[in-house]
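To keep things clear, I will list the structure first and then write my remarks on it.
Nothing in this text is a laboratory measurement; each read-out follows from the coordinates by a stated rule. What you see is a predicted model, and the numbers here were worked out from it, not measured in a lab. Cβ coordinates were reconstructed from backbone atoms using ideal geometry, including for glycine residues, and neighbour counts include every protein chain displayed.
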Amino acid sequence: MRDFDPMMLLGIVNTRLRDGDRAPEDVLEGLDLSWEEVQAVLQKLGYRYDEALQQFRIAP
């Protein structure tokens with residue numbers, strides 16, 4: 001996994017999800033990351049993927 005600042009990763013992934021209407025796995029194209037790796041990093045920050053909104057949000 002490449003070294004990403006977790007907050008930058010959050011911004012990149014949520015922007016791609018918002019702008020592209022693509023599957024979550026597809027937004028990682030060119031980032032050399034798996035969806036599972038992204039979720040693990042962002043969960044450590046307290047974020048969870050919301051399928052209905054198609055974005056990572058602060059977990060309640």
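Computed about the Cα centre, the dipole magnitude for the chain is approximately 280 debye when only Lys and Arg (+1) and Asp and Glu (-1) carry charge, each at its Cβ.
In percent, rounded to a whole number, the relative contact order of the chain is 32, using alpha-carbon pairs under 8 Å and six or more apart. Among E29, E51, the order by Cβ neighbours within 10 angstrom, fewest to most, reads E51, E29. For the chain, the spread of Cα coordinates along the three principal axes comes to 28, 25, 17 Å, biggest extent given first.
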